[in-house]
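I have placed the structure first, in the form of structure tokens, so that the comments after it can refer back to it.
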Amino acid sequence: MDATNRRVLFEKNGYEKVPMASTTKIMTLLIALEQGNPDDLVTISKYCETIPRVRLGMKEGEQYRLQDLLYCMMLESYNDAAVAIAEHIGGSVSGFATLMNEKAKDLGAYHTNFVTPNGLDADNHYTTAYDLALIASYAIENEAFRDIVATSNYSFHEQTKGTLHQVSNKDAFLTMYQGAIGIKTGFTSKAGYCFVGAVEQEQKRL
């Protein structure tokens, strides 16, 4: 897709509804950047502590800056970070999913339905390649979004005990292709291997 005018240049099964694993987190990051304050303190819930791998391993009652959780989620694809973000901004996972679905419709992604903020397998959680390209094309217009997905390494502290954490970007595409912007990899047993990437060359974004 030409990201500047949303024109499809090539497609294969572009409109088939499929699960999208952690590429879901593109929308989670987008909502967090548009509706959250990066300096907010996010308190971890008991539910968040139970989220399966891949995860940071946060414990109930711990506190993290929202911005730090955004890097956690996108660089290492931590599923508990996505839930913490969702609960903080949406009040609950289901409340946040409502925000995600409203934004998808606003962008013209009419064949997408979000249930989780992290993309772990769930009934009725799906998108299409076309819709995901639409969402990503919009997302990379956000400078803060681009900064996060292009970051190689990031370190931060938990706020109550001061524990140091370091995360590194698992998107190998960033160093494999000239002009690569990112964006996100993903995998679940149901979705298989997933990838959304963007490139900017000669003032053209794809």
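Annotations for the structure displayed:
Quick grid of which residues meet (1) under 15 Å from the mean Cα position of the chain (by Cα); (2) over 25 Å from A3 (Cα atoms):
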| position | (1), (2) |
| --- | --- |
| H157 | no, yes |
| Q178 | no, no |
| I181 | yes, no |
| C194 | yes, no |
| K204 | no, no |
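- Note on the stretch 146-166: among residues that are of a type in the set (S, T, N, Q) and not in a strand (DSSP E or B), the one that is least open to solvent (accessible area, probe 1.4 Å) is T151.
- Some residue of the stretch 168-175 being touching a helix residue (DSSP H, G or I) at 6+ places or on another chain (Cβ under 7 Å), buried (at least 17 other Cβ atoms within 10 Å of the Cβ) and assigned to a helix (DSSP H, G or I): no
- L132 touching a residue at least 24 places away in the same chain (Cβ under 8 Å) and farther than 24 Å from L9 by Cβ: no
- Flag for L99 being touching a His at 6+ places or on another chain (Cβ under 7 Å), under 14 Å from G36 (Cα atoms) and of a type in the set (A, V, I, L, M): no
- Residue in the stretch 34-56 that is of a type in the set (F, W, Y), closer than 21 Å to F156 by Cβ and out of contact with any Gly (no Cβ under 9 Å at 6 or more places or on another chain) present: no
- Residue match in the stretch 188-203 (condition: open to solvent by 50 Å² or more (accessible area, probe 1.4 Å), basic (K, R) and not in a strand (DSSP E or B)): yes
- Any hit, the stretch 96-119, residues being open to solvent by less than 10 Å² (accessible area, probe 1.4 Å), closer than 21 Å to K161 by Cβ and not in a loop (DSSP other than H, G, I, E, B): no
- Going through (1) surrounded by 18 or more Cβ atoms within 10 Å (Cβ to Cβ); (2) in contact (Cβ under 8 Å) with a residue 60 or more places away in the chain one by one, I181 falls short only on (2).
- Leading residue by the ranking (nearest to I26 (Cα to Cα)) among those in the stretch 153-198 that are in contact with a Ser or Thr (Cβ under 9 Å, 6 or more places away or on another chain) and among the charged types (D, E, K, R): K184
- Counting only helices (runs of 4 or more DSSP H) wholly contained in the stretch 6-91, the ones carrying 3 or more residues that are out of contact with any Asp or Glu (no Cβ under 8 Å at 6 or more places or on another chain) and surrounded by 24 or more Cβ atoms within 10 Å (Cβ to Cβ) occupy 25-35, 66-71, 79-90.
The values are calculated or read from the model by the stated rules, or taken from the named source; none is laboratory data. Quick caveat, the model's predicted, so the values are computed rather than measured. Neighbour counts run over all protein chains shown; Cβ positions are idealised from the backbone, glycine included. Keep in mind that these areas ignore ligands, DNA and RNA; they rest on the heavy atoms of the full protein, side chains included. Shrake-Rupley method; radii C 1.70, N 1.55, O 1.52, S 1.80 Å.
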